[in-house]
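Reviewing the structure listed below.
The values are calculated or read from the model by the stated rules, or taken from the named source; none is laboratory data. Model, not experiment: these values are computed from the prediction. Note that we place each Cβ from the backbone using ideal geometry, even for glycine, and neighbour counts take in every protein chain shown. Accessible surface areas use protein heavy atoms only, side chains included; no ligands, DNA or RNA. Shrake-Rupley method; radii C 1.70, N 1.55, O 1.52, S 1.80 Å.
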Amino acid sequence: MTAAPPLLLTGGRLPGRDGAVDVLLAEGRIHSIVPAGAAGDGGERVALDGRWLVPGLWDQHVHFTQWAQTARRLDVSRAASAAEAAALVRERAAAQPGGDLIVGFGFHDALWLDVPTRELLDAAAGDRPVVLVAGDLHCSWLNTAAAGVFAPGSAEAVLREDASFAVTSRLSTADDATLDRWAADAARAAAARGVVGIVDLEYGWNLDVWTRRLAAGADGLRVEFGIYADGLDRAAGLGLRTGAAIDGTDGLLTVGPFKVISDGSLNTRTALCEHPYPDGGHGVANLSQAELVERMRFAVTHGLEPAVHAIGDEANRRALDAFEALGAGGRIEHAQLIDAADVPRFARLGVTASVQPEHAMDDRDVADRLWAGRTGRAFPLAELHRSGARLAFGSDAPVAPLDPWAAIASAVGRTRDGREPWHPEQRLPVEAALAASVRSSVAAGQPADLAVLDRDPLAAGPDDLRTMPVSATTLLAGRFTHDTLR
């Protein structure tokens with residue numbers, strides 16, 4: 001990627017500030033900000049005509065390859081029962097006959113009154129293999145033919161946690177070139193929503209994936225790639241350290257955190273909780289406390305920031321205990337249910353709450369049933385913010401769409417689809433929600449990673465935030481990645 005030539009953005013407005021400004025971009029950074037009309041010759045001029053200029057947005061928790069494939073998979077997210085999901089499979093099999101694998105995505109079975117069985121999918125697709133992946137990515141439903149390929153010897157129709165991850169990691173039916181093309185399409189769509197960077201926590205060895213994509217010209221996003229336990233020794237051997245740029249990628253590819261999955265999810269009833277679910281279970285601990293601390297210590301020793309997946313309140317407590325034992329900061333991914341006594345520990349220990357506010361809207365009905373009486377502690381964003389904790393917003397795409405404006409809207413309004421706000425006491429000010437979705441500011445010396453909006457975000461309500469028009473342009477290091485102005 002060659003350096004972008006100087007660019008002068010004229011007549012823009014900055015949220016929270018009076019008056020229009022001209023902004024000069026040079027050598028990948030914001031060179032200067034002056035009152036409109038006061039700038040000299042700055043190379044190419046682009047008139048913003050009173051539009052608002054904000055830092056480019058980040059999605060700080062995605063599974064990018066899975067997100068790129070989701071649009072090509074059977075959507076079963078609206079299925080209200082196992083029978084309805086099977087009917088969707090039957091329709092797909094009839095519409096696209098053949099023997100190839102049918103992959104569906106998005107089912108939520110926690111509120112279903114019937115049971116997902118192999119027989120239901122067998123009746124829908126016969127000997128054709130079918131794998132339906134849950135919307136939370138923590139379980140998958142297989143028919144007999146698929147089980148023979150992906151889970152031989154297992155008698156379970158629904159696989160959970162590690163057994164499910166082992167299946168979903170093998171589900172791609174496309175070659176690398178096709179996946180890379182789909183990923184480039186997804187990156188362009190993200191740029192059209194003002195996104196300039198992602199933290200990619202896709203399972204696998206992502207260094208090679210993104211090095212290949214960037215070499216092929218897919219340079220529309222900054223990418224921090226995550227590392228999992230099976231790649232930890234390899235990363236340490238290569239000297240990879242969180243925050244370090246990868247040579248030859250013009251600073252677009254950097255090492256991200258070490259991701260460790262400590263518990264499950266709400267919909268799958270595997271999130272580790274202090275109090276029992278209606279069926280009497282408490283969820284699962286994927287690691288003992290000693291194993292969790294040991295893996296985190298190894299990562300910290302080798303310069304890798306731990307990012308601990310923790311959804312249930314007990315899992316969050318154990319993750320915070322592990323950070324405290326190590327005397328190191330890091331991230332907790334999801335942080336969905338948190339005991340009141342643990343909220344202030346995030347700020348005190350220097351642990352970022354990497355949260356996905358749109359999940360609160362997706363999970364509210366399931367939470368009201370499975371976490372009955374405790375949902376005042378679910379997604380406690382306002383309490384975390386008031387306590388001084390750093391918030392980092394993401395989507396967990398494909399669990400939710402890769403669109404930071406949806407996360408911002410859910411955090412600010414705690415509502416969607418015209419429903420009453422869910423625990424409105426946990427709403428965030430829009431300034432805080434926007435700050436949790438960016439990595440920089442519009443100031444001299446900052447990266448020229450910018451989004452231009454047709455609406456003032458600080459004056460917008462939740463519905464307007466959700467549909468925020470980024471119709472103008474997105475810039476990455478002063479280079480256009482989405483542009484309708486010129």
*Restricting to region 427-459, what's the tally of residues that are open to solvent by less than 40 Å² (accessible area, probe 1.4 Å), in contact with a helix residue (DSSP H, G or I) (Cβ under 7 Å, 6 or more places away or on another chain), over 21 Å from VAL23 (Cβ atoms) and in a loop (DSSP other than H, G, I, E, B)?*
1
*Those residues that are surrounded by fewer than 19 Cβ atoms within 10 Å (Cβ to Cβ) and assigned to a helix (DSSP H, G or I), I need them from region 213-230; list them, please.*
ALA215, ALA229, ASP230
*Could you tell me which numbered condition VAL46 fails, if it satisfies all but one of (1) aliphatic (A, V, I, L, M); (2) within 26 Å of SER169 (Cα to Cα); (3) modelled with pLDDT under 95; (4) not in a loop (DSSP other than H, G, I, E, B)?*
(2)
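State yes or no: is SER140 modelled with pLDDT under 95 and either outside any helix (DSSP H, G or I) or open to solvent by less than 20 Å² (accessible area, probe 1.4 Å) (or both)?
No: the conditions fail for SER140.
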*If we scan region 284-306, do we find a residue that is closer than 30 Å to ALA4 by Cα and modelled with pLDDT of 95 or more?*
no
*Any residue in region 217-225 that is closer than 30 Å to TRP112 by Cα and of a type in the set (A, V, I, L, M)?*
no
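Yes/no matrix, rows are residues, columns are (1) without any contact (Cβ under 8 Å) to a residue 12 or more places away in the chain; (2) open to solvent by less than 20 Å² (accessible area, probe 1.4 Å):
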| residue | (1), (2) |
| --- | --- |
| GLU294 | yes, no |
| GLU314 | no, no |
| SER354 | no, yes |
| ALA360 | no, yes |
| ARG374 | no, no |
| PRO380 | no, yes |
*Just name the residue that is least open to solvent (accessible area, probe 1.4 Å) out of those in region 231-278 that are acidic (Asp, Glu) and within 30 Å of LEU111 (Cβ to Cβ).*
ASP263
_On the basis of being surrounded by fewer than 19 Cβ atoms within 10 Å (Cβ to Cβ) and within 18 Å of PHE258 (Cα to Cα), does GLY394 make the cut?_
no
*Quick one: LEU121 ticks every box in (1) aliphatic (A, V, I, L, M); (2) open to solvent by 10 Å² or more (accessible area, probe 1.4 Å); (3) free of Cβ contacts under 8 Å to residues at least 60 places away in the same chain except a single one, so which number is it?*
(2)
*Within region 147-165, identify whether any single residue is within 30 Å of LEU465 (Cβ to Cβ), surrounded by 15 or more Cβ atoms within 10 Å (Cβ to Cβ) and more than 18 Å from the chain's Cα centre (by Cα), and answer yes or no.*
no
*Among the numbered conditions (1) open to solvent by less than 20 Å² (accessible area, probe 1.4 Å); (2) over 30 Å from TYR277 (Cα atoms); (3) in a helix (DSSP H, G or I), tell me where ASP59 comes up short.*
(3)
*Has region 277-300 got at least one residue that is outside any loop (DSSP other than H, G, I, E, B) and either among the aromatic types (Phe, Trp, Tyr) or in contact with a Phe, Trp or Tyr (Cβ under 7 Å, 6 or more places away or on another chain) (or both)?*
yes
